[in-house]
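The values are calculated or read from the model by the stated rules, or taken from the named source; none is laboratory data. For clarity, every value in this text was computed on a predicted model and none was experimentally measured. Here the Cβ positions follow ideal geometry from the backbone for every residue, glycine too, while neighbour counts run over all protein chains shown. Only protein heavy atoms, including side chains, enter the accessible area calculation; ligands, DNA and RNA are left aside. Shrake-Rupley method; radii C 1.70, N 1.55, O 1.52, S 1.80 Å.
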Amino acid sequence: MKILLAEDDFVTRKFMSNFLSKYGECDVTVDGLEAVDAFTMALDADDGYDLVCLDIMMPVMDGYQALMGIRNLE
């Protein structure tokens, strides 16, 4: 399973990354804009994500905005 994690808090990001890595490859971003960029690159490479985990309150672009951007790409 390929997983995308977007989390701005370092401790939570580290915990979630370790937890999710048990289930597959986990790519980590620190804000919503990076998450949308990573999702776009994965789609362009024809290697999309199976699971996307988004923090709601992030700098630059929050989780809701990132989800809207991702849904628009699908």
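Here are the numbers for the structure shown:
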| quantity | calculated |
| --- | --- |
| For ALA66: the one exception among (1) outside any loop (DSSP other than H, G, I, E, B); (2) without any contact (Cβ under 8 Å) to a residue 60 or more places away in the chain | (2) |
| Sole exception among (1) outside any strand (DSSP E or B); (2) under 13 Å from the mean Cα position of the chain (by Cα); (3) not small (Gly, Ala, Ser) for LEU5, by number | (1) |
| Residue satisfying all of: in the stretch 34-52; surrounded by 13 or more Cβ atoms within 10 Å (Cβ to Cβ) and of a type outside the set (A, V, I, L, M); modelled with the lowest pLDDT among these | GLY48 |
| Every residue from the stretch 42-56 that is more than 15 Å from LEU5 (Cβ to Cβ), without any contact (Cβ under 8 Å) to a residue 12 or more places away in the chain and hydrophobic (A, V, I, L, M, F, W, C) | ALA45 |
| Members of the stretch 1-39 that are small (Gly, Ala, Ser) and closer than 17 Å to ILE70 by Cβ | ALA6, GLY32, ALA35, ALA38 |
| Out of ASP55, ASP31, sole residue that is in contact with a Gly (Cβ under 8 Å, 6 or more places away or on another chain) and surrounded by 19 or more Cβ atoms within 10 Å (Cβ to Cβ) | ASP55 |
| Counted residues, the stretch 8-28 - those being out of contact with any strand residue (DSSP E or B) (no Cβ under 7 Å at 6 or more places or on another chain) and not hydroxyl-bearing (Ser, Thr, Tyr) | 9 |
| Residues of the stretch 58-72 classified as open to solvent by less than 100 Å² (accessible area, probe 1.4 Å) and in contact with a helix residue (DSSP H, G or I) (Cβ under 7 Å, 6 or more places away or on another chain), total | 8 |
| Qualifying residue in the stretch 64-73 (condition: closer than 23 Å to ASN18 by Cα and of a type in the set (D, E, K, R)) | no |
| Residues of the stretch 26-60 satisfying the condition of being part of a loop (DSSP other than H, G, I, E, B) and closer than 18 Å to ASP8 by Cα | VAL30, ASP31, ASP55, ILE56, MET57, MET58, PRO59, VAL60 |
| Residue, nearest to MET57 (Cα to Cα), within the stretch 1-28, restricted to residues that are surrounded by 13 or more Cβ atoms within 10 Å (Cβ to Cβ) and of a type in the set (Lys, Arg) | ARG13 |
